[in-house]
Structure formats: C-alpha cells, structure tokens
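Worksheet: the structure to be examined is printed underneath.
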Amino acid sequence: MVAQPLILDIDFLSLLSAVNRRRLLEGSTRTVYPAGTIAMRPEGPAMAFLLERGLARGYWNLPDGRQATIGFAHPNELIGGATMLGNSPWTLVQVITESTLTALDMKRARNLAETEIDVASAINAHLAMRVRQAYRLIAIRSLGNIRERVAYDLLDRASRSQLDGGRLEVFATQDDLADSIGSSREVMSRALRDLRVVGIVETAPGVVRILDPERLAGIVRSFVI
C-alpha cells in the first residue's frame, strides 16, 4: 500500500473545479482588515472567508480572559468551513497582520456544499487539515525543537498582547520564556539571538517585539507530526 501524503496545508480553491470556483466566488466581498482586527466571533453571523493575504489566528476565549490558540490561517486557506456545513461559528478569528479576506455569500456557499460533491469534499479536507493543525499545536509544545517551541510561544503570547495593546509584543523575561517552553535561560537566550539576527524579533529588557510574524508562523508551520 502506498503511503498517502500528510495533509498539512490546503489551497482550498485548488480543490474545486473551475465551474465551482466561479460559483463559490459569486457574490463574495473582498475586504482588507487591519492588524489586530477580530474578523469573526461566535456570537456573530455565520461567515466563511478565503484568506488571500496575511496571517490570522483562530482561538477560544473564556470570560476570565484566558485564551487558547486553535490554529493559524495562511494565504489560500479557508476560514469558517464548519459554517458552510450549517454550523454556527465557534471560534474567534484574529487578523494578526494586515490581511485581505474574501467573505463568501453564505447562502450560495451552503447550497454548493449540499449539492456539489467536490465542494463538500474540499470542505471535508479543510476540516481534516484544521484538526491536524490543532494536534500540531498541542504537540509542538513538547515535541518541537527549541526554535519551534520558542516561535510558537512568542507568536501565541504576542497575538494575545496585540488584542490588548495593538502591538505584537511579549512582556516577559528570558527566565519566564525559558520556563514556559521547559528549557534553560541560556538555551532561550541563544534562540532569541538567532531570531534577532535574522530580523524576526527585536529585544529589550523584559520585552520581545515581533517584527515579522509571518516568518515566525512559518517556523511553527514547519513542525510535522
């Protein structure tokens, strides 16, 4: 039996026939969202987007302010596939960098999901990818190498900070960050230095500023399980 390739990331539109790509995009609306915007809320209307450009985060939020990152969305991916199948939105979606999102016409999208096999199959592939991404974020905390664990921890912390202060910053000492990833201060210091040298972050006492979140997300994305 030939091993099947792992589904890590999906260009959603590439899974559709040319006819269904055209049908799905009819009535859609393209919008540019500033960094730090909340594009989707569980209590909001049912929505589904195609991410054309930028970086977004799906997360859960508790009343006491605690958050859990569910996944990161990259260009050409679908956001809100479950809503296309008739479910209500169940996560918040935060735009981390200025992003272009194409909002689908939900009536049209749901009709296509019900009547067109390749649209339903594409949504199923998308949802399977999202589950795998969630597993990947769980696993990276313990199985990732130092660079991957640091990248995830910084991106997760900075995304939460962006919602409060508008900037991708991590307010923590190197000891705090080392404890968070289960490593030593010396190892953490070397990892931060490497990220600083290539221009992904800059550091000051007690703060790490994220200069290139998409490259940081790319490090997280490279972890394979």
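I'd like to check one number: the per residue accessible area of segment 80-225, probe 1.4 Å, reported in Å² as a whole number.
46 Å²
Among ALA109, ALA204, ALA39, which one shows the biggest mean-square fluctuation in a GNM of the chain, springs joining Cα atoms closer than 10 Å?
Top of the fluctuation ranking is ALA204.
In whole percent, and with a 1.4 Å probe on the protein chains, what portion of the accessible area of the chain is carbon and sulfur?
Ligands and nucleic acids excluded, carbon and sulfur give 53 percent.
Under DSSP H, which helices of the chain have Cα atoms covering 30 Å or more of the helix axis and a Kyte-Doolittle average no less than 0.0?
Membrane-span-like by this rule: 117-143.
Return the FRET efficiency for the residue pair ILE146, GLU43: r is the Cβ-Cβ distance, R0 is 25 Å, and the value is rounded to the nearest 0.05.
0.05
Between SER184 and GLU114, 0.36 nm times their residue separation minus their Cα-Cα distance comes to what?
Contour length minus the Cα-Cα distance gives 20.0 nm.
The values are calculated or read from the model by the stated rules, or taken from the named source; none is laboratory data. Just so it is clear, the model here is predicted, and its values are computed rather than measured. Note that each Cβ is placed from the backbone with ideal geometry, even for glycine, and that neighbours are counted across all protein chains shown. Protein only, heavy atoms only, side chains kept; ligands, DNA and RNA dropped before computing areas. Shrake-Rupley method; radii C 1.70, N 1.55, O 1.52, S 1.80 Å.
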